[in-house]
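Notes to accompany the following structure.
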Amino acid sequence: MQNTTINEIEKIYDLELDKVIEEVKGNKAKLVLLQFPDGLKAYATVIVDYLEKKTSAEFLIWLGSCFGACDTPVLPKDIATKIDLVVQFGHNEFFL
C-alpha cells in the first residue's frame, strides 16, 4: 500500500476529492481534519499528499474510530478551535 497512487485509489473508491478541494478552498480552510473508516485509513497519507498539492491547507488525520456520520471526533479544545473544516469519508453518500 505504500506505493499506491491516488489514481489507483480512485479506481477502487469514489472519494469525491474534487468536492473536498472545493470545500477547502471555498471555506478558505487552513487546517482540515480528515476522518476515515478503517478500510480507508491505509490510504490516508496518500490522500493527504494529494490534497496538500491541490490546496494551501494543512491536514490532520483522525486515527480514532469512525463508525458512521454521527461518530465525530472529540478533540482537545486547543486543537478543536484551530480546525476550520472536518471531512468525514464513508462508505455511503451523505448530503447536507
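Scanning the stretch 25-55 for residues that are over 15 Å from Leu15 (Cβ atoms), surrounded by 13 or more Cβ atoms within 10 Å (Cβ to Cβ) and either touching a strand residue (DSSP E or B) at 6+ places or on another chain (Cβ under 6 Å) or modelled with pLDDT under 95 (or both) returns Ala29, Leu31, Leu33. Checking the stated criteria, Glu58 turns out not to satisfy the condition of being over 12 Å from the mean Cα position of the chain (by Cα), modelled with pLDDT of 95 or more, under 20 Å from Asp84 (Cβ atoms) and of a type in the set (D, E, K, R). If the condition is being out of contact with any Gly (no Cβ under 9 Å at 6 or more places or on another chain) and part of a loop (DSSP other than H, G, I, E, B), then the stretch 37-54 contributes Ala42, Tyr43.
For every residue, the table says whether it meets (1) touching a helix residue (DSSP H, G or I) at 6+ places or on another chain (Cβ under 9 Å); (2) at pLDDT below 95; (3) under 20 Å from Thr5 (Cα atoms); (4) surrounded by 15 or more Cβ atoms within 10 Å (Cβ to Cβ).
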site	(1), (2), (3), (4)
Pro73	yes, yes, no, yes
Val86	no, yes, no, yes
Phe89	yes, yes, yes, yes
Glu93	no, yes, no, no
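Filtered by the rule that a residue be closer than 12 Å to Val87 by Cα, part of a helix (DSSP H, G or I) and in contact with an Asp or Glu (Cβ under 9 Å, 6 or more places away or on another chain), the stretch 1-35 gives Leu17, Val24.
The values are calculated or read from the model by the stated rules, or taken from the named source; none is laboratory data. Computed from a prediction, not measured in an experiment: that's the story for all the values here. Cβ: placed from backbone, ideal geometry, glycine included. Neighbour counts: every protein chain shown.
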